[in-house]
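Notes follow the structure.
Please treat every number below as a calculation from the coordinates, not as lab data. Treat the numbers as computed from the prediction; the structure is a model and nothing was measured. Glycine gets a Cβ as well: all are built from the backbone with ideal geometry, and neighbour counts include every protein chain shown.
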Amino acid sequence: NDSIPMPVGASPRRRTRQVRVRWDDNEVVIGSDGPVVVQSMTNTDTAEAIATAIQTRALAKAGSELVRITVNTPAAAGEVGAIREQLDRMGCKVPLVGDFHYNGHKLLHDFPECAAALSKYRINPGNVGSSSRRDDNYRAMIEAACQYDKPVRIGVNWGSLDQAVLARLMDANSKRANPWDAQAVMREALVTSAIESAQEAERIGLPGDRIVLSAKVSNVQDVVAVYTELASRCDYPLHVGLTEAGMGSKGIVASSAALSLLLQKGIGDTIRISLTPEPGGDRSKEVIVAQEILQSLGLRSFAPMVVACPGCGRTSSTFFQELADRIQRYLREQMPVWSSQYPGVENMHVAVMGCIVNGPGESKHADIGISLPGADESPVAPVFIDGERTVTLKGDHIAEEFQAIVENYVVK
Ligand code: SF4
């Protein structure tokens with residue numbers, strides 16, 4: 001049995017071709033038994049090279065293994081080489097993906113430095129030009145990928161579906177004895193557009209192991225249906241995400257629901273969580289959410305997990321929530337150094353619990369746990385290490401002392 005081991009309950013990862021995305025000595029493998037890759041996208045104006053390089057580095061530091069930048073104008077394309085240089089100077093080797101719409105054929109032709117500095121191109125076959133120019137423009141972009149030895153994501157999108165494919169399928173549907181509903185035709189058009197575009201790219205000369213597919217929609221059930229169908233009809237690796245997921249908890253919940261359903265079926269080789277940031281909000285949140293989805297499903301580990309109870313009327317204060325937040329942030333901040341010094345630290349579990357009801361039990365299941373005192377308990381906080389009760393903390397410095405215990409546990 002050559003299936004890839006998966007957590008209990010999950011289907012084996014789908015076998016796919018493997019696509020390698022490189023910059024310098026950093027190679028990210030997408031597909032089959034490669035880990036599910038986390039990626040994200042900047043929202044700066046790419047023509048502003050410094051701002052884009054800074055945001056790219058921040059996303060990479062947060063854990064984005066690929067970072068996509070929009071390449072929408074000559075001014076943007078003209079700065080891609082400078083962005084790459086800035087990143088290299090900062091020691092950031094994250095591969096850059098160029099996002100092209102409408103004019104990618106021209107930009108890749110007119111800006112060879114841009115074409116070379118990108119590690120992968122994203123092409124949307126639904127908007128490569130008017131129908132008379134579509135084939136030529138698409139061919140030009142695929143030929144650029146061949147010339148510069150770059151992989152491509154062929155990314156179709158509900159909002160910019162190839163109208164020729166849709167019209168053809170609607171026509172065929174009207175002749176069916178039992179026509180599909182309009183939504184089903186749209187889903188089929190997305191899948192057909194993605195697969196036919198990939199086949200066309202291979203005919204033009206792009207090797208099949210340089211193609212990743214995506215077919216994004218903004219509704220959970222549709223995204224699950226479309227990717228399930230796409231997965232059954234090809235062996236290209238799939239970039240999975242819910243497009244326009246939205247703001248705040250809605251975006252996180254919808255993305256988590258869609259991706260969990262697919263990843264549990266073994267579908268999905270790279271993911272992006274498209275969250276609309278709050279004005280001035282931190283772009284790297286989408287990276288953290290992507291990591292937490294993968295870690296919650298047991299597919300990858302990025303940082304120690306902090307388990308905390310929700311709190312209730314038995315708690316005497318919000319101290320345990322503050323402590324849980326402090327420990328989670330502390331552990332995340334240490335990971336860039338700890339992950340190389342202490343292999344396996346990312347699998348650690350820490351429990352921060354609000355009272356005796358579930359505190360000791362949950363703490364014993366964790367590597368380290370603390371059970372804080374509820375309102376009607378004596379003001380002491382027993383600490384558990386590897387399932388055994390050890391010290392009991394009390395007084396005004398419980399947070400600092402517990403953090404020191406966590407650090408000692410890691411470095412011992
Ligand atoms: Fe409430 Fe205690 Fe349960 Fe936390 S562990 S939710 S404080 S009963």
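General remarks:
- Met335-Asp235 FRET efficiency (beta carbon distance; Förster radius 41 Å; 0.05 resolution): 0.75
- Nearest-ten-degree value, helix 285-296 long axis tilted from longest Cα axis of the chain: 70 degrees
- Computed magnitude of the charge dipole of the chain (debye, nearest 20; Cβ of K, R +1, Cβ of D, E -1): 840 debye
- When shorter helices are ignored and each DSSP H run of at least 4 residues is given -39500 (n - 2.57), the per-residue value for the chain at 222 nm works out to -14500 deg cm²/dmol.
- Comparing Thr315, Thr56, Thr16 in a Gaussian network model of the chain (Cα springs below 10 Å), the most mobile by mean-square fluctuation is Thr315.
- Rounded to the nearest whole Hz, the Karplus-based 3J(HN,Hα) values (6.51 cos²θ - 1.76 cosθ + 1.60, θ = phi - 60°) of the stretch 200-207 follow the sequence 5, 4, 5, 4, 5, x, 6, x, with x at glycine and proline.
- Sorting His105, His365, His239 from the fewest to the most surrounding beta carbons within 10 angstrom yields His365, His105, His239.
- Debye log10 I(q)/I(0) for the chain, one point scatterer per Cα, at q = 0.11, 0.13 Å⁻¹: -0.86, -1.10
- Sequence-distant residues sharing a close amide H with Val240 (under 5 Å, placed H): Asp269, Thr270, Ile271, Arg272
- With neighbour counts taken as other beta-carbon atoms within 10 Å, the residues Phe100, Phe111 rank, fewest first, as Phe111, Phe100.
- With the simple model of a label 7 Å out from the Cα in the direction of the Cβ, Asp110 to Gln403 spans 5.2 nm.
- Size descriptors for the stretch 5-125, from the alpha-carbon set: Rg then Dmax equal 15.4, 51 Å.
- Couplings for the stretch 267-281, taken from phi via the Karplus curve 6.51 cos²θ - 1.76 cosθ + 1.60 with θ = phi - 60°, read 9, x, 10, 8, 10, 9, 9, 8, 9, 7, x, 4, x, x, x Hz in order; Gly and Pro are left as x.
- Overall Cα dimensions of the stretch 327-412, principal axis frame, Å, largest first: 43, 25, 19
- Residue exposure sequence - Lys265, Lys175 - by fewest surrounding Cβ within 10 Å: Lys175, Lys265
- The lysines whose alpha-carbon is closer than 16 Å to the alpha-carbon of Lys250, local same-chain residues fewer than 8 away aside, are Lys285.
- Karplus-derived HN-Hα couplings along the stretch 406-411 (A = 6.51, B = -1.76, C = 1.60, θ = phi - 60°), whole Hz, x at Gly and Pro: 4, 4, 4, 4, 5, 8
- Spin-label proximity, Ala10 to the stretch 255-291 - amide N less than 18 Å from point 7 Å beyond Cα toward beta carbon: 255-273, 287-291
- Taking amide H as placed 1.01 Å from N in the peptide plane, Gly34 has no amide H partner under 5 Å among residues 5 or more places away or on another chain.
- Nonlocal amide H pairs with Leu393, under 5 Å, H built at 1.01 Å: Ala381, Val383
- 22 Å Cα-Cα reach of Lys364 towards lysines, excluding residues that sit fewer than 8 places from it in its own chain: Lys394, Lys412
- If you plug the beta carbon distance of Arg314 and Asn347 into 1/(1 + (r/R0)^6) with R0 = 22 Å, you get a FRET efficiency near 0.10.
- Spin-label pair Asp88-Tyr102: with each label point 7 Å from Cα along the Cα-Cβ axis, the two points sit 3.1 nm from one another.
- Between the stretch 372-412 and the stretch 269-333, the Cα center-to-center distance that results, in Å: 21 Å
- Across the chain, Cα pairs under 8 Å and at least six residues apart give a relative contact order of 13 percent.
- Extension gain for Gln183-Asp171 works out to 2.9 nm (0.36 nm per residue, less the C-alpha to C-alpha distance).
- If you bin all the Cα-Cα distances of the stretch 247-400 at 5 Å, starting from zero, the percentages per bin are 2, 9, 15, 17, 17, 15, 13, 8, 3, 1, 0.
- Contact order relative to length of the stretch 123-191, as percent, for alpha carbon pairs under 8 angstrom and 6 or more apart: 36 percent
- One chain, two ends: Arg133 and Glu377. Fully extended at 0.36 nm per residue, the span grows by 80.4 nm beyond their Cα-Cα distance.
- Using the Cβ-Cβ distance between Gln221 and Glu278 with R0 set to 30 Å, the FRET efficiency works out to roughly 0.65.
- Highest-MSF residue in the chain out of Ala375, Ala324, Ala201 [GNM, Cα springs under 10 Å]: Ala375
- Within a straight-line Cα-Cα reach of under 20 Å, Lys175 can be paired with the following aspartates and glutamates, leaving aside sequence neighbours fewer than 8 residues apart in one chain: Glu188.
- Among Asp25, Asp149, Asp33, the largest mean-square fluctuation in a Gaussian network model of the chain (Cα springs under 10 Å) belongs to Asp25.
- A crude spin-label estimate for the pair Lys61 and Glu200, with each label 7 Å from Cα along the Cβ direction, gives 4.2 nm.
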